[in-house]
1. If I take the Cα coordinates of segment 196-253 and project them onto the principal axes, what are the three extents in Å, biggest first?
2. Say each of residue 180 and residue 125 gets a label point 7 Å from the Cα, pointing the same way as Cα to Cβ; how far apart are those two points in nm?
3. Among 204, 226, 92, which comes first, then next, by fewest other beta-carbon atoms within 10 Å?
4. For segment 157-210, taking Cα atoms only, what is the radius of gyration to one decimal and the Dmax to the nearest whole Å?
5. Given a Förster distance of 30 Å, report the FRET efficiency between residue 74 and residue 151 from their Cβ-Cβ distance, rounded to the nearest 0.05.
6. I need 199, 25 ordered by Cβ neighbour count within 10 Å, fewest first.
7. Show me the three semi-axes of the equivalent ellipsoid for segment 104-161, from the C-alpha gyration tensor (sqrt of 5 times each eigenvalue), largest first, rounded to whole Å.
8. Can you sort 229, 43 by how many other beta carbons sit within 10 Å, fewest first?
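Just so it is clear, none of the values below were taken in a lab; they were calculated from the coordinates. Only a predicted model underlies this, so the values are computations on that prediction, with no experimental measurement involved. Heads up, the Cβs are rebuilt from the backbone with ideal geometry, glycines too, and the neighbour counts pull from every protein chain shown.
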C-alpha cells in the first residue's frame, strides 16, 4: 500500500491516531513516575530507614541490618524509591488508561467504571497501609523472637526490601477483592446469591491465595486470608446494593418464565386430550352395560 493510500484510508488513519494517543499517554505515565522519583530520591535513605522500622524496632540491642552486595547501599534505596514512585503514580497511570478506553464505553459503563477506578486505587493503598502498620509488626516481632539465642539477627537490606515489596503487592492485590466481585456481578457472570452460596469455597481459596502471594510463613498467610474473606463479604453486599434493581428484574423474569413453563407442562396436547376423552367414554359405556 502506497503512502497516499495509507493517508486516504480512514481505518488506517484512525488506527494511527489511536497509536499516537496511546504513545502520548504512556509518555505521560513515564513522566509522572520520573517526576516523583526525582523529588524523592534525595530522601531515599530516610525512606528506607522508615520502611525498616517494623524490623529494626524488634532487633536485639546492638544489632543492625547489613549489606551483602557491594552496590546494595546505593541500589537498594534506589529500587525502593523507584517502586514507591510507581505506586504513588498509580492514580495518574490508571487515569491515563481510563482516558484512553473511556471513549469506547457506553454512558452506563462509564458511570460504573469511574467509581470502581477510584475505589481500586484507594483499596490498593489501604492494603499496603494494612500490611505496614498491622502485619509487619506482628510478623517481624514473631520472627525475631523465635530464633535460637546464639543466632545474631542481621538481615540484608536487599532481601528485606524484596520481602516487604512482596507483602505490599500481595496485600494491595488482595484488597481488590470487592472490585473483582462487583465486576463479576456487573458483567452477569454470577449473582450475589450464588457467591454467598459458594462462601466455603471462597474461604478455602483465600487461604490458598494467601499461601501464594505471601512469603512462606503462617502469620502473613492468615493475616492476608482473613481480610480477603471480609472484603469478599463486603463486595457481595455492595454488589447486591448497586445492582438491586437489575437483580430484582432478572429474578422476576426468571419466575415468570418458570411459571410459564409449568403452565405449559400442565396443559395436555390435543392428541392426549382426545385419548383421555376416549378413555372416559369407554369407561362410561362399560358402566352402562353392567347389570
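1. Per principal axis, max minus min of the Cα coordinates gives 48, 17, 13 Å.
2. 2.3
3. Numbers: 204 11, 226 14, 92 17.
Ordered from fewest to most neighbouring Cβ atoms within 10 Å, 204, 226, 92 come out as 204, 226, 92.
4. Taking only Cα atoms of segment 157-210, I get Rg and Dmax of 14.9, 47 Å.
5. On the way: r = 28 Å, r/R0 = 0.95.
About 0.60, to the nearest 0.05.
6. Numbers: 199 13, 25 18.
In order of increasing Cβ crowding within 10 Å: 199, 25.
7. Listed largest to smallest, the semi-axes of segment 104-161 are 44, 12, 6 Å.
8. Details: 229 17, 43 13.
Ascending number of Cβ neighbours within 10 Å: 43, 229.
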